[in-house]
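S.K.: Have a look at the structure that comes next, please.
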Amino acid sequence: HAKQSGRGKVMVYTREMEEAAKRVTRIEQALRRAVAAGEVEPFFQPIVDLSTRQVVGFEALARWNDRDLGMVPPDVFIPIAEERGIIGQLSQLLLRQATEAACNWPDELFLSFNLSPSQLVDQNTARHILDILQRTGFDARRLEIEITETGLMTDPDSAEKIVGELRAVGIRVALDDFGTGQSSLGRLREFHFDKLKIDRAFVSSILEDKPSEHIIRAILAMCEGLGMDVVAEGIEEEEQAARLLQFGCAGGQGYMFGKPVNAAATMRYLRDHYRADLPADGASSSA
Ligand code: C2E
Ligand code: MG
Ligand code: MG
Ligand code: MG
C-alpha cells in the first residue's frame with residue numbers, strides 16, 4: 001500500500017518535471033529563433049548621482065517580446081540561455097545594440113552591462129567584448145561590466161583572468177546584487193571591483209527594519225575603505241533615496257528615477273532630464 005502511494009507521488013512529480021522540461025525546450029527554441037532574427041533588445045535604466053539626482057549612466061537590461069510567447073522576463077530566459085548554450089550569442093547581440101545606442105549619449109555617461117556566470121568560464125568572452133567595442137567605436141572606459149558573486153564562484157581563476165583582460169583596456173567591473181549570493185568578503189580582497197551594487201532586498205527594507213539599515217551602513221563603510229563606488233538598487237521611494245544619501249551612498253537606481261525603456265525612449269529621457277551644465281556637487285536643486 002505504502003509502495004503504491006509512493007509510486008503515485010513519483011508519477012505526479014515526473015509528469016510535472018516533464019511539463020517543465022517541455023516548457024524550457026519551447027522557450028529555448030523560440031529564443032534561438034529570436035536571437036538569430038535579432039529580436040531580443042536592450043532596454044536602459046538610469047543610474048543617478050543621489051546628491052544631484054543627475055543621471056550618470058544606464059544599465060542595459062534584456063527584453064524579449066516573442067511573437068508567440070509574448071513578453072518573457074530575463075529572469076526566465078537568461079538562465080535558459082545559459083543552460084542551453086545560447087548566452088554567448090545572445091549577449092553579443094545585446095552588447096552590440098547597447099553600445100550602438102550608447103554612442104548617441106553624452107560622452108560623460110557610462111553603459112553598464114550584465115555578464116552571466118557561464119560567460120566568466122568562457123575564455124572567449126573578453127575577446128568578444130573587445131571586438132564589439134572596436135566595431136561600434138564605443139569607448140572601453142565608458143563601459144562597465146556587472147558580475148555576480150555566483151559568477152565568480154564557478155571558476156574563480158577563469159573569472160579573474162577575464163576580469164583582468166577587461167580592466168586592462170579600461171572597462172570597469174561592478175559586483176552586482178551584493179549581499180544576496182554566496183557572499184565572501186575574501187573575494188573583495190582578491191578581485192578589485194570598481195563598484196559594488198547593493199541588492200534591492202536591503203534597499204526595500206531600509207525604512208522598516210534596523211538590520212537592513214545596519215547592513216547598508218556597513219557595506220557603505222567598507223566600500224569607502226576599499227575605494228569602491230556604490231550604487232543602491234531598487235529605490236522606489238523618496239524616503240529611501242534620502243536615507244541612502246544621508247548614509248553616504250553616492251549612486252542610486254530604481255523605478256523612482258526611471259524604469260528600463262528602449263533606446264529611443266532613452267534619448268527622450270536624456271532630452272528631458274540630462275543637463276550637461278549641472279554641477280556635480282549637488283548645488284543645484286532637482287529640475
Ligand atoms: P539585475 O542586473 O540585478 O537588474 C536589476 C533588476 O531590477 C532589473 O530586472 C530591473 O528592471 C529591476 N529593477 C530596477 N529598479 C527596480 C525597482 O525600483 N523596483 C523593482 N521591483 N525592480 C527594479 P530585470 O530587467 O527583470 O532583470 C532581471 C535580471 O536579469 C537582472 O538583474 C540580471 O541579472 C538579468 N539580466 C537582465 N538583462 C541581462 C543581460 O543582458 N545579460 C545577463 N547576463 N543578464 C541579464
Ligand atoms: Mg545588473
Ligand atoms: Mg542587480
Ligand atoms: Mg538581480
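The values are calculated or read from the model by the stated rules, or taken from the named source; none is laboratory data. Note that the coordinates shown come from a computational prediction; the quantities given were computed from them, not determined experimentally. Cβ: placed from backbone, ideal geometry, glycine included. Neighbour counts: every protein chain shown. Note: areas computed on protein heavy atoms with side chains; ligands, DNA, RNA excluded. Shrake-Rupley method; radii C 1.70, N 1.55, O 1.52, S 1.80 Å.
S.K.: For Cα pairs less than 8 Å apart in space and 6+ apart in sequence, what is the mean separation divided by the residue count of the stretch 27-103, i.e. the relative contact order in percent?
M.R.: Working: 84 pairs, mean separation 24.9, N = 77.
Relative contact order of the stretch 27-103: 32 percent.
S.K.: Karplus couplings for the stretch 71-86 from phi (6.51 cos²θ - 1.76 cosθ + 1.60, θ = phi - 60°), rounded to Hz, Gly and Pro as x?
M.R.: 5, 10, x, x, 4, 8, 7, 5, x, 5, 4, 5, 4, 9, x, 9
S.K.: Still on this structure: Excluding same-chain pairs closer than 8 in sequence, count the lysine pairs in the chain whose Cα atoms lie under 25 Å apart. Let's see the in-between values first.
M.R.: Values: K9/K22; K161/K195; K161/K197; K195/K210; K195/K259; K197/K210; K197/K259.
Lysine pairs meeting both conditions in the chain amount to 7.
S.K.: Could you compute how fast the stretch 62-117 diffuses translationally, taking Rh as the Kirkwood radius over C-alpha pairs and applying Stokes-Einstein at 10 °C with viscosity 1.306 mPa s? Give it in µm² per second.
M.R.: Values: Rh = 12.7 Å.
Answer, rounded: 125 µm²/s.
S.K.: Given contacts defined as C-alpha pairs under 8 Å and at least six residues apart, what's the relative contact order of the stretch 119-177, whole-number percent? If you can, show how the numbers build up before the last one.
M.R.: Numbers: 57 pairs, mean separation 27.4, N = 59.
Relative contact order for the stretch 119-177 comes out at 47 percent.
S.K.: What share of Cα pairs, in percent, lie more than 21 angstrom apart in the stretch 16-133?
M.R.: Numbers: 3025 of 6903 pairs.
I get 44 percent for the Cα pairs in the stretch 16-133 exceeding 21 Å.
S.K.: Still on this structure: Where does the Debye-calculated log10 I(q)/I(0) of the stretch 137-287 sit at q = 0.13, 0.14, 0.18 Å⁻¹, using only Cα point scatterers of equal weight, no solvent?
M.R.: For the stretch 137-287, the Cα-only Debye profile gives -0.70, -0.81, -1.23.
S.K.: Shifting gears a bit: Before anything else, pin down the relative contact order of the chain: Cα pairs under 8 Å, at least 6 apart, normalised by residue count, whole percent.
M.R.: Values: 422 pairs, mean separation 56.0, N = 287.
Relative contact order comes out at 20 percent.
S.K.: Now for a different question. What's log10 of I(q)/I(0) for the stretch 75-162 at q = 0.11, 0.12, 0.13 Å⁻¹, Debye sum over Cα points only, no solvent?
M.R.: Log-scaled intensity ratios, in q order: -0.31, -0.36, -0.43.
S.K.: Using a 1.4 Å probe, what is the accessible area per residue for the chain, in Å²? The partial results should precede the final answer.
M.R.: On the way: 14880 Å² over 287 residues.
Averaged over the residues of the chain, the accessible area is 52 Å².
S.K.: How many percent of the alpha carbon pairs in the stretch 138-200 exceed a separation of 14 Å? Intermediate values should be presented prior to the final figure.
M.R.: Working: 1044 of 1953 pairs.
Above the 14 Å cut-off, the stretch 138-200 has 53 percent of its Cα pairs.
S.K.: Under the √(5λ) rule applied to the eigenvalues of the Cα gyration tensor, what semi-axes describe the equivalent ellipsoid of the chain? Give them in Å, descending.
M.R.: Gyration-tensor ellipsoid for the chain: 33, 25, 21 Å.
S.K.: Taking every alpha carbon pair in the stretch 32-100, what does the distance histogram look like in 5 angstrom bins from 0, in percent?
M.R.: Bin by bin from 0 Å, the calculated values are 3, 16, 25, 23, 13, 9, 7, 4, 1.
S.K.: While we're here: How much of the accessible area of the stretch 148-202, in percent, comes from carbon and sulfur atoms when a 1.4 Å probe is used? Intermediate results must be reported in sequence, preceding the final value.
M.R.: Working: 1230 of 2520 Å².
C and S atoms contribute 49 percent here.
S.K.: In degrees between 0 and 90, to the nearest 10, how far off the longest principal axis of the chain does helix 263-273 point, with axes built from Cα atoms?
M.R.: 30 degrees
S.K.: How do 138-151, 254-267 rank on mean C-beta neighbours within 10 Å, highest first? Each step should come with its number before you reach the end.
M.R.: Details: 138-151: 19.9, 254-267: 16.6.
Output ranking for 138-151, 254-267: 138-151, 254-267.
S.K.: For helix 156-168, what angle does its Cα long axis make with the longest principal axis of the chain, in degrees from 0 to 90 and rounded to 10?
M.R.: 40 degrees
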